[in-house]
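Okay, so here's the structure we're looking at.
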Amino acid sequence: MKRRRMFTVLLALMLALAAVLSACGGKSDNGGTNAANSNTAGRSENGGGSNAGSGSEGSGGGDAPKPVTLKVLWWGGQTRHDNTLKIIELYQQQNPHVTIEPEFTGFDGYWEKLSAMVAGNNTPDVLQMNFGEYLTQYAKNDVLADLNPFVESGIIDTSKLDAGIMESGVVDGKLLGIPLGMNALTVIYDPELIKQAGAQEPALGWTWDDFKAIARTVHQNLGIYGSPTLEANNILEYYARQNDQKFFSDDGTGVGFDDQIFIDYFNMQVELIKEGVMPSLDVMQQHSALEDQLIVHGKAPFDVRWSNQVVALAKAANRPLKLTVLPGPNTEKGLFLKPAMFFSVAKDSKNAEEAAKFINFFVNSLEVEEIQKGERGVPINAEIREAISKQLDEVQKNMFDYIDLAAANSSPIDTNYPVGSAEVLNLLGTDIEDRILFAEMSPEDGAAKFREQTADILARKR
Amino acid sequence: MATRKAGGYRNLTGYAFISPFLIGFFGLTVIPVAMTLYLSFTDYNMLRPPEWIGLEHYERMFTKDEKFWHSLRVTFFYTFTAVPLRLIVALAIAMLVAKIVRGAGFYRTVLYLPSIIGGSVAVAVMWRQLFGLEGAINTILKWLGLSGVSWLGDPKYAIWTLILLYGWQFGSSMLIFLAGLKNIPNDYYEAASVDGAGSVTMFFRITLPLLTPVILFNVVIQLINGFLAFTPAYVIFGDGRPLGATLMYVLYLFQNAFTFFDMGYASGMAWVLLVIVGLLTALIFKSSEYWVHYESKGDR
């Protein structure tokens, strides 16, 4: 009797166990492999040294490397997803012992996804990281691995990488990200529309007054918009720098520019919206996707954004677009080269060395760039930049040429982004900017409010 | 002694058999919920261990955070328009479907479809297309000679697209109403029509009173759903734009957690929401004495 009851209990427990196991069956597989891997990677004996310097050949070395699974996470549009999957396939062919689990999403949603993964102790081995508020945040919280040891051991070969831009991945002496490309803010314009309107094409040395004049002419003569509204999250910083100021104060406690700068910046747009030269914000919000911008539909001759987005934009527009610097005065003070994005390695990655090899492959292989052709920004490897520029189509060549132009007309990037800047930029980009452009708030009130709330946020997050 | 032991085993067997539920209930509900209560008193950004700060989050929420109050207003407005809309539509359709004899199963299935794909991202994406500047809705308006409206871009209209979406997904409420309608004996209607009652009178005197228990159930469930609305607002508008018109409470909670790295604050918001929903539910149950009609109790 007693025994029988014991048996029933056991049976029930087994059923329960089976249910629980089958519920997470998909995962338990992975867990197994990862656990096995951790042994291998912890001891870095699997031919890492022999690969040094030219990791792109992958396998090499004496003893056969043990199988490794790397999780790689990035954000991007469809073009980038397609490219990156091809690159990963190529890497796996060259390194049969490596299995890469790709995960990708659009930029919206990426940071939610990443922070949830970090919280769940499930940080991807290789992850795309962004300069500025995000790098600061992840650096301060000690999520990313210092890549200096891999540079010293030669697993990541930095000899041909642009030293200036490499600096942008350094926080407190630790190399937390390898830039995958260079970027700069640019004005994209449709030369055909501007010609039709009878205006002058913009060129180096133009000013905001010229910008307004062209926009007005196009609006009056063609009956389309002269320009979309500008995104304060990107352009306001340029505007402040033009005027010898910074977005954040050096001590990281607040706004780094005068109210008057903020007011001038927004007054220009408020004025243009009133005239109908710029669309009202509700129209802008219907064109939020990159492939859906006004310039793509031929509804405006201008667009202002990061240079690496030009490829996708031009592809969607399907007609020649040109690039030039942002309007002056003092373009060279305002403009800066920015790392388009980094690849970083998780600090708790069990395969950090393999992750580093993958990154080395990414930045030092011509084959990679032959696939993505500057979609992640202009390569930071000078040799590759040189070699690839011969294979580019016109749009891509324009982008590369633009980076050369921008490099010659810019100043170093400001790296003083405090923790909490993500919340500050959210405040500016989705709240204060909208209220001003919807004419619910004057630029003067907006400036005061932005200053006050920024100080609050930064004080709270210190 | 022996019997007590046997009894212990018997209970153990019982617990063992319900252990899949118990593990899920404690592991995925009770413990995490209790954790959030603790976290709401801490400064926690997920990347570092939590740090105790007492009531600071609640203080900021109630005294300083305009967005908190704003999102609460948006959510109350949304819930108290979208839920009645959904229930009225569900009841109306259920009454129509109840009348259909041939192909009733087909209609029921088709009308239920929007709910199956309900909270999904695909529907939200479709909604975006429908209400876009050059979307189907505006195209139809233009055919009718009306000018199009910037549904998604104008703060006045944006929330209504979400309310309509919620109303459109009436399937589950409809099915429950349908079941309730089938339970009303036909004799009542026959007797009423003999007495000369019209269909409007029958609806208000027979159908509605006898449906009140079902209505109560639907109101409570839908109210909770309404307060928890997140996916459509997130997929269609993303960040509460335009002008915070679609900044639903849970969306703002989510932003705090995953965009601003403030998990402690987000946990606090979750508890405030729990209390609000709990109070409202209690209120509805309390009020049900006055308007819900149970046949067994006889007429009031």
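What the table below lists for this structure:
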| read-out | value |
| --- | --- |
| Hits in the range A:64-112 - residues which are among the basic types (Lys, Arg), modelled with pLDDT of 90 or more and closer than 24 Å to A:Asp348 by Cα | A:Lys71 |
| Residues of the range B:148-184 classified as in contact with a helix residue (DSSP H, G or I) (Cβ under 7 Å, 6 or more places away or on another chain) and not in a helix (DSSP H, G or I), total | 10 |
| Answer from A:Ala387, A:Ala459 - the residue that is out of contact with any helix residue (DSSP H, G or I) (no Cβ under 7 Å at 6 or more places or on another chain) and either touching a residue at least 60 places away in the same chain (Cβ under 8 Å) or part of a helix (DSSP H, G or I) (or both) | A:Ala459 |
| Flag for A:Leu204 being in the same structural domain as A:Ala439 (by TED's automatic domain parsing) and assigned to a loop (DSSP other than H, G, I, E, B) | yes |
| Neighbours by Cβ (under 8 Å, 6+ apart or cross-chain): first from the range B:23-34, within 14 Å of chain A (Cβ to nearest Cβ); second at pLDDT below 95 | B:Ile23/A:Ala16; B:Ile23/A:Val20 |
| Qualifying helices (runs of 4 or more DSSP H) (wholly inside the range A:291-364; at least 3 residues being touching a strand residue (DSSP E or B) at 6+ places or on another chain (Cβ under 6 Å)) | A:352-364 |
| Answer from A:Ile413, A:Ile403 - the residue that is within 30 Å of A:Ser249 (Cα to Cα), assigned to a helix (DSSP H, G or I), of a type outside the set (Ser, Thr, Tyr) and touching a strand residue (DSSP E or B) at 6+ places or on another chain (Cβ under 6 Å) | A:Ile403 |
| Elements of type helices (runs of 4 or more DSSP H) contained in the range B:22-134, each with 1 or more residues being modelled with pLDDT of 90 or more and basic (Lys, Arg) | B:56-63, B:66-99 |
| Residue identified as more than 14 Å from chain B (Cβ to nearest Cβ), out of contact with any Leu (no Cβ under 6 Å at 6 or more places or on another chain), under 17 Å from A:Pro339 (Cβ atoms) and not hydroxyl-bearing (Ser, Thr, Tyr) among A:Gly181, A:Gly173 | A:Gly181 |
| Residue among A:Glu367, A:Glu375 that is among the acidic types (Asp, Glu), touching a residue at least 60 places away in the same chain (Cβ under 8 Å), under 30 Å from A:Ala316 (Cα atoms) and not in a loop (DSSP other than H, G, I, E, B) | A:Glu367 |
| Residue match in the range A:62-79 (condition: under 29 Å from A:Leu425 (Cα atoms) and in a helix (DSSP H, G or I)) | yes |
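A quick yes/no check of all residues on (1) within 14 Å of chain B (Cβ to nearest Cβ); (2) without any contact (Cβ under 8 Å) to a residue 24 or more places away in the chain; (3) within 21 Å of B:Phe258 (Cβ to Cβ); (4) crowded, with 16+ Cβ neighbours inside 10 Å:
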position	(1), (2), (3), (4)
A:Val72	no, no, yes, yes
A:Asp82	no, yes, no, no
A:Ile87	no, no, no, yes
A:Glu133	yes, no, yes, yes
A:Ile155	no, no, no, yes
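The values are calculated or read from the model by the stated rules, or taken from the named source; none is laboratory data. Quantities reported herein were computed from a predicted structural model and do not represent experimental measurements. Here Cβ is always computed from backbone atoms with ideal geometry, including for glycine, and neighbour counts include all displayed protein chains.
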